Amino acid sequence: MLAYTIRRLLMLIPVLIGMSLITFSIIHLIPGNPAQTILGEQATPQAIAQLEEQLGLNEPYLVQYFDYVGGLLQGDLGQSLRTNADISSEILPFLAATIELTIFAMVFAVIVGVNAGIISAWKQNSLFDYTAMLIALIGVSMPIFWLGLMQQWIFAQELGWLPAFGRSNPRDPVETVTNLYLIDTLLSGRPDQFWNSFRHLVLPGLALGTIPMAIIARMTRSSMLEVLRSDYIRTVESKGIHKMSVVYRHGFKNAVIPVLTVVGLQTGTLLGGAILTETIFSWPGIGRYVFDAIGNRDYPAIQSGILVIATMFVFINLIVDLLYSYIDPRIKY
Amino acid sequence: MEPTSPSKNSPFPGPEHQEPQTSVPAAASPWKEAFRQLIKNKLAIVGMIIIGFFIFIAIFAPLLTTYTYQAMSAADRLQPPSSTHWFGTDDLGRDIFTRIVYGARISLMVGFFAVIGALFFGSLLGIIAGYFGRWIDMIISRIFDIMLAFPSILLAIAIVAILGPSLQNALIAIAIINIPIFGRLVRSKVISIREEEYILAAKAQGMKSGRILFHHVLPNSTAPIIVQATLGFGTAILEAAALGFLGLGAQPPTPEWGRMLSDSRQYIQSAPWTVLFPGLSIMLVVLGFNMIGDGLRDALDPKMKS
Amino acid sequence: MKKALFLSIAAGTVLTFTACGDNGGTDNTETDNNAAETNNNEAGNEGGEEASQPAEDQTLIFARGGDSVSLDYASVTDGESSRVTQQIYESLLSFDEDSFEIGPGLAEDWEVEDDGLRYVFQLREGVTFHDGTEFNAEAVKLNFERWADPDHEYHFADEGYAYSVYGTQFGGFEGDEGHVIEEINVLGDHEVEFVLNETLGSFLQNMGMSYFAMTSPAAFEEYGSAINENPVGTGPFQFVSWSRDDSIVLEKYEDYWQEDLPKLDQVIFQVIPDNSARLTALRSGEIDIMDGLNPDDIDALEGEEGIQMFERATNNIGYLGFNADKEPFDDPEVRRALNHAIDKENLITLLYADMAEPAKNLIPPDYLGYNDDIEPYEYDPELAEQMLDDAGHAGLEIDLWTMPVARPYMPDPERAAEVMQANFADIGVTANIVSMEWATYLEQTEAGEHDLFMLGWSGVNGDPDYFFGNLLHSDAIPGGNRNFYRNDEVDSLLDQAKTSIDEDERAELYEEAQEIIHEDAPMIPLVHSIPVLAGSENVQNYVPHPQTSEPLTEVEISE
């Protein structure tokens, strides 16, 4: 197990180097003079020349790359061209916002998806099974930006049940510590704010969670079906144990590995997919951070945003792999 | 063996994306048998009808409507669906039905070429990596790992940011992000076939690598590739729509569905039809491909036969 | 009574929802039209007796589409930054609440001496910055010197700061040839003089700009280049917090120099990128004022109870420019012909939902020297085709360069290009839409690679020179004069007007210049757009300023 962990960590090194190379190259591959872009149409040529000088984009690429990696190793992500702020501190609230949204979406996807999958498998070919699987099939085919727009329209704009944008009530700002609002509101002892933040999470969370939910439901169902058909379950069943508990206790235990894989995978995917949801629901997360940075040609911010997301993704995958081998040591590597 | 490390990472995945566990078909006419299975699958039939329908309207677009997709009319802005404008009009007074119909051409085309592109380069790299092994495999596999380390829509956005926003560049970006998915699939197939007896026999007879690859290895990997490609159509169409939605895909006046959605989103309250129909179209096409893909997998995967 | 009022507002909200549910909210205006008209724009001032009761919670939430870039106001040019810094900072002079008429600000009084080469400002006494530092002449000198001198310790050149607006307004930086401010002298604790080496007609206008506001000297000391996130000024509100892309919170400055002001206790600038989400938030009462109302929503909002709308006076121009260095656009007759080809009214209906005025001159109508006697080139495709034919260029094929980003003067450039493409097609001209990345677009048009290009300009200080000097003077080649328009007569008129400090004389000079420019037709002036805001009926005394934002000193929330 330890050897495997070490081996997996070592395998990360080339991946991380490759990632830093790709993100670094983005600066040099994107067309357009950053100074001109930043200053816009009302800038004077002198101002542009001055800013170009200050940005120091004239050094050789190799020097810039090593500077960049050197900075990364010290946790320095550089400075945003647009805001002049340190990206490593600037990016944290955005990251927290995305993490909160992602976890919420994932919890929703797992709870609904796993249960729907188990019941579908248990009641195979029932009306419930057909309906659930049809919904799941539609769910995986759904453009999440469209789903989000429709939800926003119906539940926020027409019915007014839930807030349409943001993370909290602007009139009553949350006192931030961790930037995870559900935690912060509890820390400051404000259950009303907690409830409010929760309400803000619902629509974007459901939109983001729908696809993983559908995938998890389908995956759970198919692995449960295999398990349910196995002799083991048949034996247990013949002993007269109540069926529901059989399904949940024994069946799910064996179906957990493929499901775990999907869960891990989809959490990583959500990080990237969040960009669309965040755009629609004005969620100040890292997806929007990167997207805005692209619009503003804020190269260091683009670089760092992408790198941060990709790094998280890689590490989530690593953790899932390790969990995987921990839960089922029979799997050989 | 490496762990079945999580590989597929599209934010808009089709179904599970397990590599279909298709073994080399042993029966005399496996394809016929598969086809028989497929047409027995009701969902797959529905999927084929949906896709057939969209192919039909894409081909015969000009015959289905009396409007052009770019004709503007200030007097007809934001009209609700009616007998003259079946799906209503958008904020420039253009007929939405017409734009949807022409948009089918765009989406199907993007799906097709992106998958073909990804399939071609992915298979090529996968075959090279799997067949030659060693350091070649090492390098190619690492490149795949790195590409898969980025959530795919993000990678696509970065590629489009570099190339500039256009339909063509969106297509290229989608093809690129899908390369490692096909690449890994083909590679693992090639590795498993490489040591089969008939390949070893061919080698012993002095057959050239290229001939072996194309005459034996490739044909024996087709089943999973076909399944993945069918599902890939749906994914590619979704990704193209997402890029269009973010303004990074097709540029106006091209009637691309994702772009239509984002152009109209501010009218969602006053003119919901402008948002409803493009979204439904995307969903239906993707659903169609997913249904066919599922059916194909069941038909080609002997394990699932009961 | 309060309760009754609240109920009626609540009922209004309910009505709104039912109306939306029934017909999508498009058509519920008939009954309440009269009410809407009185509400429009002035409702803030005439809210009636019962409405003027101030509410208990004096928090105003202002929702906008994008975040501020930096709170170091002079280093950035985006409107979303100055929208916030106007609350925190003040300049020596101030503009009238709805025009560019200057009046006292941090300076109580001022004199122009030596025929406009020397300005002496008497500063207001007893003004303190939010950190308690006293405002005095030394502070003024420090602030101006830090912008003028790239080597100044607070210019923060090494940290990537650039004060381009200073360069534009005062002819460059210290050491540059055209830099007009020779020296700044402290004459007393509250008296400061500016000595110029050349007269500058817009000098006092510049002093009113929010870009040239006063920061606490002690704050530079304390925060250094982090001043952009820690603003300390003398304004009615002081900075509390900023979460990027989300909200900026300001609170009342208790020691503000104007008695009993500001009326609000707290102002929050909330980012909501999507227009329709912003409107939803306004309707549900989550916010009080929203910027960037979609013109198409105006109809639906008129007559909606609890909501008022504000029109901002226009202060910009969107235009289609020619490259006069390229054939056949070097021929004024061709340029005039194409001027007749564009249907501006149609453009305004399709893209601005009528919230724009067709343009015939470069400057907005209420500017000094606007020549209203100019006869615009009428939309007349037949005449246009005929003129083009006579000039020997029938069936012309041109590249129409389209800007890739939306601007206030051009909310949807791609669609505008499509509409104009159709106009050109009507006179037999084939226009190919060319688009590229924004920075490249600006560089290439500056370098003269284009035929026809789409662009615009927004005013910052209400002075016509900011438009003419930057867009049509031959000195601005290469630069803002992407039309490559050169006319010595116009140049000399503009030069005289720029250095003159007599308003009437300036106005005459500009009027004369506009006649020549109109005849030469270096561009097709398209529109002056009118931005519209919407707000809750409870917002009192809010008056939009043409400058794209305004201090909220007088604003109050009523019950």
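The values are calculated or read from the model by the stated rules, or taken from the named source; none is laboratory data. None of these values were measured; they are calculated from a predicted model. Don't worry about glycine lacking a Cβ; one is built from the backbone with ideal geometry, like all the others, and counts go over all protein chains shown.
Those helices (runs of 4 or more DSSP H) of segment A:60-157 in which at least 2 residues are surrounded by fewer than 15 Cβ atoms within 10 Å (Cβ to Cβ) and away from chain B (no Cβ under 11 Å), considering only elements entirely within it, cover A:61-73, A:87-122, A:127-141. Would a scan of segment C:416-423 turn up a residue that is under 24 Å from the mean Cα position of the chain (by Cα) and either under 17 Å from C:I524 (Cα atoms) or part of a helix (DSSP H, G or I) (or both)? Yes, because at least one residue in segment C:416-423 is under 24 Å from the mean Cα position of the chain (by Cα) and either under 17 Å from C:I524 (Cα atoms) or part of a helix (DSSP H, G or I) (or both). Checking the conditions here, which among C:P478, C:P404 is part of a loop (DSSP other than H, G, I, E, B), touching a Ser or Thr at 6+ places or on another chain (Cβ under 8 Å) and modelled with pLDDT under 85? After applying the criteria, what remains is C:P404. Within segment B:250-270, the set of residues being part of a loop (DSSP other than H, G, I, E, B) and in contact with a Gly (Cβ under 8 Å, 6 or more places away or on another chain) comprises B:A250, B:P255, B:E256, B:Q269, B:S270.
Of everything in segment B:68-115 that is within 21 Å of B:G244 (Cα to Cα), charged (D, E, K, R) and within 14 Å of another protein chain (Cβ to nearest Cβ), the residue that is farthest from the chain's Cα centre (by Cα) is B:D91.
The criterion of being without any contact (Cβ under 8 Å) to a residue 12 or more places away in the chain, crowded, with 20+ Cβ neighbours inside 10 Å and either on the phi < 0 side of the Ramachandran plot or within 12 Å of chain A (Cβ to nearest Cβ) (or both) does not hold for C:A324.
For (1) more than 14 Å from chain A (Cβ to nearest Cβ); (2) surrounded by fewer than 24 Cβ atoms within 10 Å (Cβ to Cβ), each residue gets a yes or a no:
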site	(1), (2)
B:V190	yes, no
B:A204	yes, yes
B:G210	yes, yes
B:F245	no, no
B:P253	yes, yes
B:M260	no, no
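Taking segment A:159-186 as the range and being of a type in the set (D, E, K, R) and either over 23 Å from the mean Cα position of the chain (by Cα) or over 20 Å from C:T59 (Cα atoms) (or both) as the test, the residues that pass are A:R171, A:D172, A:E175, A:D184. Scanning segment C:486-501 for residues that are under 25 Å from the mean Cα position of the chain (by Cα), surrounded by fewer than 18 Cβ atoms within 10 Å (Cβ to Cβ) and not in a helix (DSSP H, G or I) gives a single hit, C:I501.
Give the residue that is farthest from the other protein chains (Cβ to nearest Cβ), with candidates limited to residues of segment C:462-503 that are free of Cβ contacts under 8 Å to residues at least 40 places away in the same chain and under 21 Å from C:Q547 (Cα atoms).
Per the criteria, the residue is C:G469.
In the set C:N483, C:N461, only one residue is in a loop (DSSP other than H, G, I, E, B) and either modelled with pLDDT under 90 or aliphatic (A, V, I, L, M) (or both); that residue is C:N461.
Restricting to segment C:221-253, count the residues that are in a strand (DSSP E or B) and either under 24 Å from the mean Cα position of the chain (by Cα) or assigned by the TED database to the domain that holds C:H130 (or both). Break it down stepwise before answering.
So the first thing to find is which residues in segment C:221-253 are in a strand (DSSP E or B), and the list is C:237-243, C:247-252.
Still in the list and also either under 24 Å from the mean Cα position of the chain (by Cα) or assigned by the TED database to the domain that holds C:H130 (or both): C:237-239, C:242, C:247-250.
Final tally of qualifying residues: 8.
Scanning segment A:178-231 for residues that are under 21 Å from A:Q152 (Cβ atoms) and among the β-branched types (V, I, T) returns A:V202, A:T210, A:I211.
Among the residues of segment B:286-306 satisfying the criterion of being touching a Ser or Thr at 6+ places or on another chain (Cβ under 6 Å) and over 10 Å from B:G47 (Cβ atoms), which is modelled with the highest pLDDT? Top of the filtered list is B:V286. Scanning segment C:52-99 for residues that are touching a residue at least 40 places away in the same chain (Cβ under 8 Å), among the hydroxyl-bearing types (S, T, Y) and outside any strand (DSSP E or B) turns up C:S52, C:S68, C:S70, C:Y73, C:S75, C:T77, C:S82, C:T85, C:Y89, C:S99.
Based on this model, can you work out whether C:P525 counts as under 20 Å from the mean Cα position of the chain (by Cα) and either assigned by the TED database to the domain that holds C:E259 or closer than 23 Å to C:T85 by Cα (or both)? Considered against the rule, which asks whether it is under 20 Å from the mean Cα position of the chain (by Cα) and either assigned by the TED database to the domain that holds C:E259 or closer than 23 Å to C:T85 by Cα (or both), C:P525 comes out as no. Residues that are over 21 Å from A:V290 (Cα atoms) and out of contact with any Asp or Glu (no Cβ under 8 Å at 6 or more places or on another chain) within segment C:242-266 comprise C:V249, C:L250, C:Y253, C:E254, C:D255, C:Y256, C:W257, C:Q258, C:E259, C:D260, listed in sequence order.
Taken as a whole, the structure places A:I280 among residues that are facing another protein chain (nearest Cβ under 8 Å) and at pLDDT 85 or above. Scanning segment C:145-171 for residues that are within 27 Å of C:P464 (Cβ to Cβ) and either surrounded by fewer than 19 Cβ atoms within 10 Å (Cβ to Cβ) or β-branched (V, I, T) (or both) yields a total of 3. On the given criteria, is A:R234 crowded, with 17+ Cβ neighbours inside 10 Å and of a type in the set (K, R)? Answer is no for this residue.
Does segment C:539-550 contain at least one residue that is touching a helix residue (DSSP H, G or I) at 6+ places or on another chain (Cβ under 6 Å) and part of a strand (DSSP E or B)? No, every residue in segment C:539-550 fails to be touching a helix residue (DSSP H, G or I) at 6+ places or on another chain (Cβ under 6 Å) and part of a strand (DSSP E or B).
Residues that are in a helix (DSSP H, G or I) and either closer than 26 Å to C:D57 by Cα or over 18 Å from the mean Cα position of the chain (by Cα) (or both) are absent from segment A:201-213 altogether.
Among the residues of segment C:137-187, those identified as among the small types (G, A, S) and either in a helix (DSSP H, G or I) or on the phi > 0 side of the Ramachandran plot (or both) are C:A137, C:A139, C:A148, C:A157, C:G160, C:S164, C:G167, C:G171, C:G172, C:G175.
When A:K239 is tested against (1) more than 12 Å from chain B (Cβ to nearest Cβ); (2) modelled with pLDDT of 75 or more, exactly one condition is not met: (2). Taking A:I257, is it more than 7 Å from every other protein chain (Cβ to nearest Cβ), farther than 16 Å from A:F165 by Cβ and crowded, with 24+ Cβ neighbours inside 10 Å? Spelling it out, it is not the case that A:I257 is more than 7 Å from every other protein chain (Cβ to nearest Cβ), farther than 16 Å from A:F165 by Cβ and crowded, with 24+ Cβ neighbours inside 10 Å.
Only one entry of C:L117, C:L123 meets the criterion of being farther than 29 Å from C:T314 by Cα, buried (at least 22 other Cβ atoms within 10 Å of the Cβ) and not assigned by the TED database to the domain that holds C:V249, and that entry is C:L123.
Could you please let me know if A:F165 is hydrophobic (A, V, I, L, M, F, W, C) and within 12 Å of another protein chain (Cβ to nearest Cβ)?
Against the criterion (hydrophobic (A, V, I, L, M, F, W, C) and within 12 Å of another protein chain (Cβ to nearest Cβ)), A:F165 qualifies.
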